[in-house]
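The values are calculated or read from the model by the stated rules, or taken from the named source; none is laboratory data. It should be emphasised that the depicted structure is a prediction, and the values quoted were computed from it without experimental measurement. When we count neighbours, we look across all protein chains shown, and the Cβ atoms used for this are built from the backbone with ideal geometry, even at glycine.
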Number of protein chains: 2
Amino acid sequence: MARKYIDNPNACSLVHTMNIIGNKWKPIILYLLSNGSMRFGMLNTLIPTISKKVLTNQLKELENDGLLLRQSFAEIPPRVEYSLTEKAVGLLPVLKMLSDWANDAYPEMKFEQCRIIENGKKLAYNNVYKN
Amino acid sequence: MARKYIDNPNACSLVHTMNIIGNKWKPIILYLLSNGSMRFGMLNTLIPTISKKVLTNQLKELENDGLLLRQSFAEIPPRVEYSLTEKAVGLLPVLKMLSDWANDAYPEMKFEQCRIIENGKKLAYNNVYKN
DNA sequence: AATAGTGGTAACCCAAAAGTAACTAATGGC
DNA sequence: GCCATTAGTTACTTTTGGGTTACCACTATT
């Protein structure tokens with residue numbers, strides 16, 4: 001009687017990956033931070049539809065999972081910089097592949113080019129997220 | 001005054017990808033089906049912790065997004081076979097990279113090897129999911 | 001004296017996702 | 001005549017994720 005093997009050596013780690021980044025906001029956060037470190041308020045501005053509470057929460061979880069580095073400066077008003085860890089940097093090419101896949105698999109969707117411009121101090125990215 | 005560009009040409013398609021596969025069950029379903037087509041009951045058995053209602057739902061969504069092919073045979077008792085579309089096959093290497101990344105980034109987790117064995121007709125995979 | 005600016009937190013609410021248990025249709029086998 | 005079998009569905013409950021508003025601490029600026 002023949003044996004049939006169903007082999008998923010990767011299913012469990014895949015589940016883990018999805019637990020870490022498979023939600024509404026985290027891939028975007030990682031993508032934004034791939035441009036370099038960024039302050040909390042900047043992230044909040046660049047993702048205008050996220051609430052502060054949720055952004056705080058996502059950042060905390062990403063930090064706990066070792067994907068983000070959080071640097072808090074003792075200044076007034078406060079300044080907190082978030083940046084990617086090595087782990088997270090290793091994930092970027094895969095995220096790129098995921099988005100490339102979508103562009104390829106759903107050409108009819110013509111995904112927007114999310115180019116966001118900061119001009120000078122604050123006004124420019126204000127302009128952008130107002131649009 | 002220097003302009004600073006924050007470029008995410010991929011953010012939107014990435015969001016789309018996450019909407020399609022970024023949840024608890026879908027990557028596992030795709031991974032299981034990468035071994036070939038499979039019946040509803042088999043999927044239900046191999047993912048013992050999913051409820052039938054949710055499995056039905058996930059399969060329906062995957063089918064609607066063009067990742068799964070559903071073949072229903074007019075037999076009694078009913079037989080329904082699910083298999084991957086070309087789109088989904090194109091996604092497999094990326095899923096592989098995601099799981100490889102987790103294995104690499106979290107070596108301390110020592111993810112289980114999810115090897116599931118079907119022996120003959122039914123008993124074997126019964127044995128497996130009972131464990 | 002008042003206000004703006006920053007990175008949060010606390011209390012509360014809501015909708016969507018997921019889980020549970022019972023039920024169905026149609027047939028073959030006992 | 002009765003049960004097992006399969007791929008669901010239905011109705012109901014629970015859990016989760018996310019959203020909203022208000023508030024705080026501390027200082028520089030007006």
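Quick rundown of the values:
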item: Every pair of residues 6+ apart whose Cβ atoms lie under 7 Å, when the first sits in region B:59-82 and is more than 14 Å from chain A (Cβ to nearest Cβ) and closer than 16 Å to B:LEU43 by Cβ while the second is small (Gly, Ala, Ser) and assigned to a strand (DSSP E or B); result: B:LEU69/B:SER83; B:VAL80/B:SER72
item: Test: residue in region A:83-100 that is without any contact (Cβ under 8 Å) to a residue 40 or more places away in the chain, within 16 Å of DNA strand D (Cβ to nearest atom) and more than 8 Å from chain B (Cβ to nearest Cβ); result: no
item: Residues (under 17 Å from B:LYS52 (Cα atoms) and modelled with pLDDT under 90) located in region B:10-26; result: B:ASN23, B:LYS24, B:TRP25
item: Number of the exception - A:GLY66 against (1) at pLDDT below 95; (2) over 14 Å from A:PRO27 (Cα atoms); result: (1)
item: Test set (1) surrounded by fewer than 14 Cβ atoms within 10 Å (Cβ to Cβ); (2) within 13 Å of DNA strand C (Cβ to nearest atom); (3) modelled with pLDDT of 90 or more - B:PRO48 fails condition number; result: (3)
item: Filtered residues of region B:17-45 (kept if within 13 Å of another protein chain (Cβ to nearest Cβ), more than 22 Å from A:ILE21 (Cβ to Cβ) and within 12 Å of DNA strand D (Cβ to nearest atom)); result: B:SER37, B:MET38, B:ARG39, B:MET42, B:LEU43, B:THR45
